[in-house]
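Notes for the one structure printed next.
The values are calculated or read from the model by the stated rules, or taken from the named source; none is laboratory data. Note that the structure is predicted; figures quoted are calculated from it, not measured. Don't worry about glycine lacking a Cβ; one is built from the backbone with ideal geometry, like all the others, and counts go over all protein chains shown. The protein model used for the area step is the full one, side chains on, heavy atoms only, and it has no ligands, DNA or RNA in it. Shrake-Rupley method; radii C 1.70, N 1.55, O 1.52, S 1.80 Å.
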Amino acid sequence: MAGIDPAKLPTTAAQAAALVRDVLAQPSAFGPDAVRSSPYESDPRRWAVLGDDCVWEQQALPKDVLASLTRHYEIPASGGRGPLALSAVVTVHRTAEQADQENAEVLEEMLRCPSQLLRSAEVLTDLTDVPNALGDLGNDYGDDTLTETGTYTSDRLGGPHPYVWEQTRIGPFTVVVSAKGAKGWSKTDLFDRLRDPHTRMRTGLRRAVERDAPAGTGAPSGSESPVTKGSRR
């Protein structure tokens, strides 16, 4: 792994916000049928926090976060399938330790609130988290990874439908993709839709912040091989 170049890390909110926008996936990363949802982007000055009552709410970014932005996408209903809601989030912390704490908090949230209210008519239930450190179970691309699965129910789409949240930490950054299912979508379908955008964002981030490879050595070893297969929420 080439390793992060400290000189390439953003040190201001403006630098971090610019990097986040460069790294965040475009709708086409989720497939040719993906479109922007409305609203497309979250307020970059705020992020979602899970309260003591297990309800998600928007709050101002904490001091340890330089930037965080969520984009929302949708696969429109067609062919007997309901609309699939997708999101991507990139967050820039001031230190790797603070980003690691974000990962730890996701685990704590699942244990504290196995049922979570996203909005007044959207609920996540039966949440299960699987963390993996670098080198575990095929994780050769992030300092830590976290996969959360569960069920999603809403007044508009019914349910329960599958729900998937995948988060990777690379140094002081976290990169997230998620999907809230609908009629006709399996959990495997959700993983398939998330795989490419997650890989593209991780790769784009590494290219932006890792040390340059010495001349004549080819691509940095930290770049990922091709694969064939938020608000934070």
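Convex hull volume of the C-alpha atoms in the range 14-90, normalised per residue: 97 Å³. Evaluated with a Cβ-only charge set (Lys, Arg +1; Asp, Glu -1), the range 1-120 carries a dipole of roughly 440 debye about its Cα centre, given to the nearest 20. Backbone phi angles across the range 155-166, fed through the Karplus curve with coefficients 6.51, -1.76 and 1.60 (θ = phi - 60°), yield HN-Hα couplings of 4, 6, 10, x, x, x, 10, x, 9, 9, 9, 10 Hz in residue order; Gly and Pro are listed as x. L69 contributes about 10 Å² of solvent-accessible surface, heavy atoms of the protein only, 1.4 Å probe.
Rounded to the nearest 0.05, what FRET efficiency is calculated for E108 and R195 with R0 set to 25 Å and r the Cβ-Cβ distance? Rounded to the nearest 0.05, the efficiency is 0.40. Once the C-beta distance of A121 and R211 is scaled by a Förster radius of 30 Å, the resulting FRET efficiency is 0.05 to the nearest 0.05. Over all pairs of distinct alpha carbons, what does the Kirkwood formula give as the hydrodynamic radius of the range 38-83, in Å? Across the range 38-83, the inverse of the average 1/r is 12.9 Å. For the range 1-127, the carbon plus sulfur part of the accessible surface works out to 54%, probe radius 1.4 Å.
Only the Cβ atoms of Lys and Arg (+1) and of Asp and Glu (-1) were treated as charged; on that basis the dipole of the range 99-171 about its Cα centre amounts to roughly 380 debye. Note on Q59 and T95: their simple-model spin labels are 2.0 nm apart, each label 7 Å out from Cα toward Cβ. Is the range 158-201 rounded, prolate or oblate when judged by the Cα gyration tensor, a ≥ b ≥ c being the square roots of its eigenvalues, rounded requiring a/c under 1.5 and prolate requiring a/b larger than b/c? Verdict is prolate for the range 158-201. Note on A18/K183: beta-carbon distance plugged into 1/(1 + (r/R0)^6) with R0 of 35 Å gives a FRET efficiency of 0.35.
Computed on the Cα trace of the chain, the radius of gyration divided by the Kirkwood hydrodynamic radius gives Rg/Rh = 0.96. With the highest mean first, a sort of the peptides 32-38, 173-179 on other beta-carbon atoms found within 10 angstrom per residue produces 173-179, 32-38.
Placing unit charges on the Cβ atoms of the charged side chains and taking the dipole of the chain about its Cα centre, the candidate lying farthest along the positive direction among G181, A104, V130 is G181.
Excluding ligands, DNA and RNA, the accessible surface per residue across the chain is 47 Å² with a 1.4 Å probe. How big is the Rg/Rh ratio for the range 1-131, C-alpha atoms only, Rh by Kirkwood, two decimals? Ratio of gyration radius to Kirkwood radius for the range 1-131: 0.99. Placing +1 on the Cβ of every Lys and Arg and -1 on the Cβ of every Asp and Glu, with nothing else charged, gives the range 6-209 a dipole about its Cα centre of roughly 840 debye. Rounded to the nearest 10 square angstrom, R112 shows an accessible area of 90 square angstrom against a 1.4 Å probe.
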